[in-house]
Amino acid sequence: MGRLHESLEHLPCLSGEPRDVEALEGGLTNFNFKVSTPERVAVVRLSSSDGDLLAIDRAAEHANSVRAAASGAAPAVLDHLPDHQALVVAWVEGRTLTPEDLRDEHMLGRVAAACRMLHAGDRFVGDFDMFEVQRRYLSIVQERGFRLPARYLELLPEVDRIARALAARQEATVPCNNDLLAANVIDDGDRLWLIDYEYAGNNDACFELGNIWSESNLSLEHLEWLVDSYYGAHLRHKVARARLLGLMSNYGWTLWASIQAAVSPIDFDFWTWGMEKYERAVEEFDGPHLDRLLDEARRTD
């Protein structure tokens with residue numbers, strides 16, 4: 001709490017008294033606090049590291065949080081203290097979603113609409129490409145001797161096949177959150193808010209959709225509903241693209257978990273979390289549908 005109170009002393013927007021502080025659960029790369037004063041309620045996010053190993057650019061996170069707020073999809077940014085690795089955003093009174101919430105088709109439609117709002121905003125600082133991020137993570141894991149799941153390297157040729165199939169169609173990129181696990185969506189009763197822009201960057205919209213699917217371990221039917229809701233039509237190549245990028249999400253974030261398991265000060269079982277993702281990725285790699293998905297991703301319908 002000492003670091004928090006030191007940061008608060010440099011935040012005029014939260015200088016009022018009395019000041020109430022409540023630690024918030026969650027956050028795998030941050031410590032989050034709800035801070036209330038007579039003037040306002042805000043969330044203060046203190047980074048657990050500079051983010052370099054995890055490919056997090058804290059200056060870009062701030063800039064993209066501001067742009068996400070301007071799109072209407074995210075809460076307002078109130079302040080930023082780079083020297084304290086602190087970001088302050090407006091508190092949203094609402095309910096944090098769970099993976100179970102995303103198994104409701106109506107809710108998936110609302111999530112798709114929130115993503116369209118974000119994606120229609122001003123372009124973000126920097127790009128996000130999971131193929132590049134995965135290669136960077138792999139280099140770090142190998143150079144530092146961190147744990148690598150069995151067969152991980154054997155699957156790299158399949159990753160190359162996926163990359164080639166997706167590259168057959170030139171897709172425009174849009175400003176994406178790139179980390180929309182259910183806990184990064186808040187329902188205030190009237191609308192949804194998308195939070196946490198550490199990994200934000202311009203990306204294929206299908207990565208956003210596939211990542212939502214993979215993060216919450218949704219069914220294939222739910223993936224189709226989400227993609228159809230986003231595009232307003234059933235497009236096989238978009239569904240295939242989102243599924244393949246969801247596979248890459250699981251495969252890439254597995255190494256994020258390996259790095260965090262080795263270096264993070266946060267009390268969390270990162271390795272088990274990552275292996276759950278990896279096992280789902282292996283099921284897709286070894287399953288009977290990969291060739292069909294690669295073919296459908298190249299199509300125009």
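For the stretch 89-111, residues that are under 19 Å from ASP228 (Cβ atoms) and buried (at least 22 other Cβ atoms within 10 Å of the Cβ) total 3. Number of residues in the stretch 147-177 that are out of contact with any strand residue (DSSP E or B) (no Cβ under 6 Å at 6 or more places or on another chain), assigned to a loop (DSSP other than H, G, I, E, B) and closer than 20 Å to TRP256 by Cβ equals 6.
Can you name the residue in the stretch 58-88 that is among the charged types (D, E, K, R) and surrounded by fewer than 19 Cβ atoms within 10 Å (Cβ to Cβ) and, of all such residues, is nearest to the chain's Cα centre (by Cα)? Looking at the filtered set, the residue picked out is ARG58. Within the stretch 126-146, the set of residues being over 25 Å from ARG241 (Cβ atoms) and assigned to a helix (DSSP H, G or I) comprises SER139, ILE140, VAL141, GLN142, GLU143, ARG144.
Residue under question is ASP204, and the condition is that it be assigned by TED's automatic domain parsing to the domain that holds LEU166, out of contact with any Gly (no Cβ under 8 Å at 6 or more places or on another chain), under 28 Å from GLU93 (Cβ atoms) and of a type in the set (D, E, K, R); does it hold? In short, no.
With the condition being farther than 22 Å from ASP129 by Cβ and in contact (Cβ under 8 Å) with a residue 60 or more places away in the chain, I'd like the strands (runs of 3 or more DSSP E) fully within the stretch 180-219 carrying at least 1 qualifying residues.
Working: elements: 185-187, 192-194, 201-203.
Here the list reads 185-187, 192-194.
Going by what's in this entry, would VAL77 be described as of a type in the set (A, V, I, L, M, F, W, C), under 20 Å from SER7 (Cβ atoms) and in contact (Cβ under 8 Å) with a residue 12 or more places away in the chain? Yes. Of all residues in the stretch 1-18, none that is surrounded by fewer than 12 Cβ atoms within 10 Å (Cβ to Cβ) and modelled with pLDDT of 70 or more has its Cβ atom under 7 Å from the Cβ atom of a residue that is aliphatic (A, V, I, L, M) and in a loop (DSSP other than H, G, I, E, B), 6 or more apart or on another chain. For the stretch 67-99, a residue qualifies if it is aliphatic (A, V, I, L, M), part of a helix (DSSP H, G or I) and touching a Phe, Trp or Tyr at 6+ places or on another chain (Cβ under 9 Å), and exactly one does: ALA68.
Taking residues in the stretch 89-114 that are in the same structural domain as LEU218 (by TED's automatic domain parsing), and partners anywhere that are crowded, with 19+ Cβ neighbours inside 10 Å and acidic (Asp, Glu), the pairs with Cβ atoms closer than 8 Å and at least 6 places apart or on different chains are PRO99/GLU215.
For the subset of the stretch 19-47 comprising residues that are assigned to a loop (DSSP other than H, G, I, E, B) and among the acidic types (Asp, Glu), which member is modelled with the highest pLDDT? Outline the logic, then answer.
Here is the first cut: in the stretch 19-47, the ones assigned to a loop (DSSP other than H, G, I, E, B) are 19, 25-29, 37-40.
Restricting the remaining residues to those that are among the acidic types (Asp, Glu) gives 25, 39.
Details: GLU25: 78, GLU39: 85.
Going through the qualifying residues, I end up with GLU39.
Restricting to the stretch 281-300, give me the number of residues that are of a type in the set (Lys, Arg) and more than 18 Å from LEU223 (Cα to Cα). Total satisfying the criteria: 2. Among the residues of this structure, ASP57 does not count as one that is in the same structural domain as GLU215 (by TED's automatic domain parsing), over 14 Å from TRP193 (Cα atoms) and at pLDDT 85 or above.
Anything in the stretch 110-125 that is basic (Lys, Arg) and part of a loop (DSSP other than H, G, I, E, B)? List them, or say none. Spell out how you get there, then give the answer.
Taking the stretch 110-125 first, the residues basic (Lys, Arg) are 110, 116, 123.
Listed by number, the list holds a single entry, ARG123.
The values are calculated or read from the model by the stated rules, or taken from the named source; none is laboratory data. What you see is a predicted model, and the numbers here were worked out from it, not measured in a lab. Cβ sites come from the backbone with ideal geometry, for glycine too, and all protein chains shown count toward neighbours.
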